[in-house]
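Here's the structure, in structure tokens; my notes come after.
The values are calculated or read from the model by the stated rules, or taken from the named source; none is laboratory data. Remember, predicted model here, so these are calculated numbers, not experimental data. Every residue, glycine among them, receives a Cβ derived from its backbone with ideal geometry; neighbour counts consider all protein chains shown.
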Amino acid sequence: MLFHILCLDKPDHGAVRQANRADHIAYIAGQSERIVLAGPLLADDGTAMIGSVLVVECADRAEAGQHADQRADHRSDEAEQQIRRRERHRESE
């Protein structure tokens, strides 16, 4: 099943994000078999990172939660909000 994980950073947490970025990228790279899509959310200026979005393949919501909880940005208390929802993928028509 596909799950969408949306993480919104706490306000003014850019330095925390940067401090944990290498660990975050390494974790994502190590999970490539289950990650369908991953990337930063950007502010309106197009450069400041304000969160992350991932689409992951997991057996169930509990597994998706475990995956989300192991990410460096979650462990560092960087995220203000984390949303996990099941997703249905549709190809373009």
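Some points to look at:
- Which listed residue, of LEU37, LEU42, is touching a Leu at 6+ places or on another chain (Cβ under 9 Å), loosely packed, with under 13 Cβ neighbours inside 10 Å and modelled with pLDDT of 85 or more: LEU37
- The set of residues in region 1-53 being more than 25 Å from GLU63 (Cβ to Cβ), assigned to a strand (DSSP E or B) and without any contact (Cβ under 8 Å) to a residue 24 or more places away in the chain consists of LEU42 alone.
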